[in-house]
Amino acid sequence: MSTHNRQLRVGMVGYAFMGAAHSQAWRTVNRVYDLPARVRMSTICGRDPGKVADAADRLGWDSWTTDWRALVTSDEIDVVDICTPGDSHAEIALAALAAGKHVICEKPLANTVAEAREMAAAAATARTTGVRSMCGFNYRRVPAVTLMRQLVEAGRLGVIRHVRAAYLQDWIVDPQFPLVWRLQKDKAGSGALGDIGAHIIDLTQYVTGQRIGGVSAITETFVKQRPLPAGSSGLAAQVDGHGSVDGHGSVDGHGPATGPVTVDDAAVFVARLDGGALATYEASRFATGRKNALRVEINGSLGSVVFDLERLNELEFHDATLPAGEQGFTRILVTEPEHPYLSAWWPPGHIIGYEHSFTHQMRDFVEAVATGADPTPSFEEALQVQLVLDAVTRSAERSSSWTEVASTPAPVPA
Ligand SMILES: NC(=O)c1ccc[n+]([C@@H]2O[C@H](COP(=O)([O-])OP(=O)(O)OC[C@H]3O[C@@H](n4cnc5c(N)ncnc54)[C@H](O)[C@@H]3O)[C@@H](O)[C@H]2O)c1
């Protein structure tokens, strides 16, 4: 029996790539999962009235506004969902938490460690009055990734010795691709490192339960100057009337002027995890032919797991405790009802995709808020990822010298 007696009215800022992905998830979550609260897609916010009105209609929101400050203080809003570039995460999240709104904020949490620290502190204070917050590392909620964690937690891999993680894209291989916000440090904080590297940092720490203690890194900006953008098209790429181009991958054209790329195109680093594992990480937007290739392999004393986002319904598991003659990597089709998140979807074998990770994210967020629990990853956990990003940047700036990751404050109990 459904107990949808509580309503959570969501206000979302940003309506392009993540705005569309989150809208899809908010729209779906109550249809798929029986939750203690019902989501209402109340208000969507953007800066251009025409475009945000269109987005509200297309994505299924009751109303729209161009004023995020009014949104986050509105009595008609319970949850603020931040889907803007990193340069506005801190300001919006801090205002929303101060107004007593639950907050879900896209990754990376902020553009700087200082901002992330302030956000984590504000989240800790807000928690004491029952206000919840979460950072959107959605790949944790791919069922095969959650299953990897369950296998590690159950001891099926034994002592973790190696982590091998890569997140590869190729959307800016063309030097004529324009200077979108993701290539500007003041808007994005960093390049491939914070955009996609942050995902594999979070994912591997989540799966192994170990934190990165120190790193040695190299970063590179292969194309240092790019044409300024002139226009864009498509679901994930829209110009919002303020001269900035959103999204990546579908920008139509550009003018004659150029500007400097102020972020990394690629980041590669080795790391030591606090549980003793050695790890390698690679994040690149120059891996020609690789569109959104996230791959992780973990080797332990009793077994190994391999996850590949391009085959996200599958997990490869090698159980080294089996008789030698029966060993080998087994392909687990992660679509059984007993697999994480899957019982509410389709019959076994009826596969799911990228967007479902966001529905799972919203499911866990809504359940936590409605039951008075803290959703994960918390802002403190996301701050710790930010500290890893910072250590990677500092190491790369100092000829790859070994750089310890600064520690985070202990979370304040609920
Ligand atoms: N979880 C994931 O897998 C994933 C994937 C892509 C992006 N992201 C993250 O989501 C965030 C947004 O990325 P995106 O790809 O959706 O970007 P995008 O460019 O597609 O969309 C950004 C949106 O924010 C709006 N916006 C920008 N500045 C604003 C401001 N100051 N006030 C109000 N609205 C503003 C834009 O109009 C646009 O609607 C980033 O933090 C990014 O790192 C996460």
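Worth a mention:
- Above-threshold pairs, the threshold being 25 Å between Cα atoms, out of LYS51/LYS291; LYS51/LYS224; LYS185/LYS291: LYS51/LYS291; LYS51/LYS224
- Segment ALA114..ASP319, full-extension length gain: 69.5 nm, with 0.36 nm per residue of separation and the alpha-carbon distance subtracted.
- Residues of region 13-30 with an amide N closer than 19 Å to a point placed 7 Å from the Cα of ALA373 along the Cα-to-Cβ direction: 29-30.
- Cα gyration tensor of region 250-367 - equivalent ellipsoid semi-axes, whole Å, descending: 33, 24, 15
- In this rough spin-label picture, where each label sits 7 Å from Cα along the Cβ direction, the ARG58-GLU326 distance is 5.4 nm.
- Value of Rg to Rh for region 304-375 (Rh from inverse mean 1/r over Cα pairs, i.e. Kirkwood): 1.09
- The residue list ALA16, GLY50, SER133 was ranked by how far each Cα lies along the charge dipole of region 7-138 toward its positive end, using unit charges on Cβ atoms, and SER133 comes out on top.
- More than 25 angstrom apart: percent of Cα pairs within region 7-138: 19 percent
- P(r) tail fraction, the chain - alpha-carbon pairs more than 34 Å apart, %: 29 percent
- Ignoring aspartates and glutamates fewer than eight residues from LYS187 along the same chain, the ones with Cα atoms less than 17 angstrom from its Cα are ASP87, GLU91, GLU106, GLU115, ASP195, ASP240, ASP246, ASP264, ASP265, ASP390.
- Considering helices alone, the calculated mean residue ellipticity of the chain at 222 nm is -9000 deg cm²/dmol, with DSSP H runs of length four and up weighted by -39500 (n - 2.57) and normalised per residue.
- For ILE298, ILE201, ILE218, the sequence from fewest to most other C-beta atoms within 10 Å is ILE218, ILE298, ILE201.
- Gain on full stretching of the segment that runs from VAL32 to ARG6 - 0.36 nm per residue minus C-alpha separation: 7.7 nm
- Working value for region 1-75: equivalent-ellipsoid semi-axes of 23, 14, 8 Å, each the square root of 5 times a Cα gyration tensor eigenvalue, largest first.
- Take the Cβ atoms of GLN225 and SER88, set R0 to 22 Å, and the FRET efficiency comes out at 0.25.
- Proximity of backbone amide H atoms, modeled 1.01 Å from N, is registered between PHE329 and no other residue at under 5 Å, excluding neighbours fewer than 5 places apart on the same chain.
- Nearest-0.05 FRET efficiency for LEU302 and HIS350, computed from C-beta distance (R0 56 Å): 0.95
- Applying both filters, DSSP loop and at most 13 other Cβ atoms within 10 Å, to the trypsin sites (Lys or Arg not before Pro) of region 257-324 gives LYS291.
No lab work stands behind these numbers, since they all come straight from the coordinates. All figures in this text were calculated on a predicted structure; none of them were measured in a lab. FYI the Cβ positions are ideal-geometry reconstructions off the backbone, even for glycines, and counts take in every protein chain you see.
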